[in-house]
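Take a look at the structure set out below.
The values are calculated or read from the model by the stated rules, or taken from the named source; none is laboratory data. Keep in mind that what you see is a predicted model, and the values were worked out from it rather than measured. Cβ placement follows ideal geometry from the backbone for every residue including glycine, while neighbour counts extend to all protein chains displayed. We work out accessible area using only protein heavy atoms, side chains counted, and drop any ligands, DNA or RNA first. Shrake-Rupley method; radii C 1.70, N 1.55, O 1.52, S 1.80 Å.
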Amino acid sequence: MYNTTMTCIFCGIADGSIKSQLIYEDEDVVAFKDLNPQAPTHLLIIPRQHIARLDEADEQHALLLGKLLLTAKKLAKQFNLKDFRLVTNNGKGAGQSVDHLHFHLMAGRRFNWPAG
């Protein structure tokens, strides 16, 4: 769970010590609305376990990573999103602003390619 010596805001949201508008939670995953949305629908999907970034995940996290993706699918269906973008950033140079693995589920506007 959340280590109070850490300053990870997403760990605080995951353990309930930081209030957020949760839209989904189970024993492994939490999802909530982004406070600075980049699309009409912009949700964040995070593991409760602190993993700073995707390149820190390994084989022991395989089930958890799959659950994060299946949660995105479930939320897309719940919000009736036909077309959506699911993205994770790995490191500051890629745009990661919180050092806790998270996926952005975004929809409601046209997205260009290449991204970024």
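Annotations for the structure displayed:
- Complete set of residues in the stretch 96-116 that are open to solvent by 50 Å² or more (accessible area, probe 1.4 Å), of a type in the set (A, V, I, L, M, F, W, C) and over 23 Å from ALA52 (Cβ atoms): TRP113
- Taking the conditions (1) loosely packed, with under 14 Cβ neighbours inside 10 Å; (2) assigned to a loop (DSSP other than H, G, I, E, B) in turn, LYS77 satisfies each one other than (2).
- Complete set of residues in the stretch 82-95 that are touching a helix residue (DSSP H, G or I) at 6+ places or on another chain (Cβ under 9 Å), in a loop (DSSP other than H, G, I, E, B) and either open to solvent by 50 Å² or more (accessible area, probe 1.4 Å) or at negative phi (or both): LYS82, PHE84, THR88, ASN89, ASN90
- When restricted to residues that are over 16 Å from LEU101 (Cβ atoms), out of contact with any Asp or Glu (no Cβ under 7 Å at 6 or more places or on another chain) and buried (at least 18 other Cβ atoms within 10 Å of the Cβ), the stretch 21-48 contains 1.
- ILE51 vs. criteria part of a strand (DSSP E or B), touching a residue at least 40 places away in the same chain (Cβ under 8 Å), of a type outside the set (Ser, Thr, Tyr) and open to solvent by less than 60 Å² (accessible area, probe 1.4 Å): no
- With respect to the stated conditions, LEU69 is open to solvent by 60 Å² or more (accessible area, probe 1.4 Å), among the hydrophobic types (A, V, I, L, M, F, W, C) and either out of contact with any Asp or Glu (no Cβ under 7 Å at 6 or more places or on another chain) or not in a strand (DSSP E or B) (or both).
- Criterion violated by GLY16 - all others in (1) at positive phi; (2) in contact with a Leu (Cβ under 8 Å, 6 or more places away or on another chain) satisfied: (2)
- Residue count for the stretch 72-83 satisfying the condition of being hydrophobic (A, V, I, L, M, F, W, C), under 17 Å from ILE46 (Cβ atoms) and touching a residue at least 40 places away in the same chain (Cβ under 8 Å): 1.
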